[in-house]
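The values are calculated or read from the model by the stated rules, or taken from the named source; none is laboratory data. Since the structure is predicted, the reported quantities are computational estimates derived from the model, not experimental observations. Methodologically, a virtual Cβ is constructed for each residue, glycine included, from the backbone with ideal geometry; neighbour enumeration extends over all protein chains shown. Side chains are part of the model used for accessible areas, which takes the heavy atoms of the whole protein and leaves out ligands, DNA and RNA. Shrake-Rupley method; radii C 1.70, N 1.55, O 1.52, S 1.80 Å.
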Amino acid sequence: MRDDASGRVFDWLDAVAEQRRCAGLTRRLRPRSAHSTVLDLAGNDYLGLARHPEVVEAAATAARRWGAGATGSRLVTGTTELHARLEAELAEFCGFEAALVFSSGYAANLAALAALAGRDTLVVSDAGNHASLIDGCRLSRAEVAVVPHADPAAFRKALGERGARRAVAVSDAVFSVDGDLAPLGGLAEACRAAGAALVVDDAHGLGVLGDGGRGAVAAAGLAGAPDVVATVTLSKALGSQGGAVLGPERVIAHLVNAARTFVFDTGLAPAAAGAALAALRLLRREPVLATQALAAARRLYQGLAAAGLPVSPPDAAVVAVRAASPQAAVRWAAECRTAGLAVGCFRPPSVPDGVSRLRLTARADLTDTDLARALSVVTGTASASASGDG
């Protein structure tokens, strides 16, 4: 029988939940059906490949051949020939010596930072970085200096004060909140002046930016550099699941031996590896997909700006519109969904600057009709949500 004390152990959660509700920050799961009439501009399927017949069939074929799961960690039974092919082709496509595939992009970021930094290291991190990079900094046990967003001079100053310690600078390539591009050239110069490594999360650049979608790091001329490491996800432009770290061969060899989210995690499911490999090959065959995603983002931006909404110019496929408050953002997103359009709803703590937003994800497969419909819904439901009483 449970005593009264045990029943009160988690009573504190009720107060936290009420505070969250009052602040408009409660999050809920919303299971989606396999077939929906809602136009999806909330996900990250930038190239529209998640349901592409070739990608889906590759996933099914891999599952039939290799089984439903990887069956173990990558160092035990979780590495198949499929994983090895994916790593080789991903590294070659992005312009790096080697690649290592993880079960998620989050795990890849944790691995890159925790394994390349330590107590004797200074990590300089952009204030707008993704949560996975922030957590990687924490797990590394390094001293972390958080510097103003997209400011190479701030990176240079912080790196110059590190003393004799090793140093690593880390930044998103394309920031997920506003879709703005990091000044990668300036960051690389700051790192090289200080003898520091540069780690770049190119999750939102792969498949969208660079020659044929090779990513923001390649577009900046940094792919394959001996002092640069990139991380990517397989769950956005490639429409699958998983992540990878790309870099010099000696960096990848170190991760195989030292990255806890590689050594102790079950390997990526073969179906996901097969799907990502098929998507990568499709992108190589149809590089116009990257151009189409960018063009769709520009059209969304132009339409929203013309309507007078506070929208950020997109450097990639993310288009963000500011809302008056967390509550206004939730209401606006709900009104969009009721009208048949799914959009992202970003609120604290997901947004470093505390400003709530709707986030629209452009896709290469959006038609003129889709774009017109999206613009009509977002502008038609804006009312007080963008800048009014909230």
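Among the candidates Ala290, Ala273, which residue alone is open to solvent by less than 50 Å² (accessible area, probe 1.4 Å), aliphatic (A, V, I, L, M), within 20 Å of the chain's Cα centre (by Cα) and under 30 Å from Gly69 (Cβ atoms)? Residue meeting the stated conditions: Ala273. The number of residues in region 166-194 being of a type in the set (Gly, Ala, Ser) and not in a helix (DSSP H, G or I) comes to 7. For region 346-360, the criterion of a residue being assigned to a helix (DSSP H, G or I), among the β-branched types (Val, Ile, Thr), at pLDDT below 95 and surrounded by fewer than 24 Cβ atoms within 10 Å (Cβ to Cβ) is satisfied by no position. Taking the criterion of being open to solvent by 10 Å² or more (accessible area, probe 1.4 Å), part of a helix (DSSP H, G or I) and of a type in the set (D, E, K, R), would at least one residue in region 195-211 satisfy it? Scanning region 195-211, I find at least one residue that is open to solvent by 10 Å² or more (accessible area, probe 1.4 Å), part of a helix (DSSP H, G or I) and of a type in the set (D, E, K, R), so the answer is yes.
Every listed requirement among (1) of a type outside the set (S, T, N, Q); (2) within 30 Å of Leu75 (Cα to Cα); (3) modelled with pLDDT of 95 or more; (4) touching a strand residue (DSSP E or B) at 6+ places or on another chain (Cβ under 7 Å) is met by Gly207 save one, (4). Name the single residue that is most open to solvent (accessible area, probe 1.4 Å) among those in region 50-102 being in contact with a strand residue (DSSP E or B) (Cβ under 8 Å, 6 or more places away or on another chain) and acidic (Asp, Glu). Restricting to residues being in contact with a strand residue (DSSP E or B) (Cβ under 8 Å, 6 or more places away or on another chain) and acidic (Asp, Glu), the top hit is Glu97.
Checking each residue in region 62-79 for being assigned to a loop (DSSP other than H, G, I, E, B) and either touching a Cys at 6+ places or on another chain (Cβ under 6 Å) or among the polar types (S, T, N, Q) (or both) picks out Thr71, Thr77, Thr79. Do you know which of the residues in region 212-238 that are part of a helix (DSSP H, G or I) and in contact with a Pro (Cβ under 7 Å, 6 or more places away or on another chain) is surrounded by the most Cβ atoms within 10 Å (Cβ to Cβ)? Among residues in region 212-238 that are part of a helix (DSSP H, G or I) and in contact with a Pro (Cβ under 7 Å, 6 or more places away or on another chain), the one surrounded by the most Cβ atoms within 10 Å (Cβ to Cβ) is Gly213.
What's the number of the only condition in (1) within 12 Å of the chain's Cα centre (by Cα); (2) of a type outside the set (Asp, Glu); (3) assigned to a strand (DSSP E or B) that Gln241 fails to meet? All conditions pass for Gln241, except number (3).
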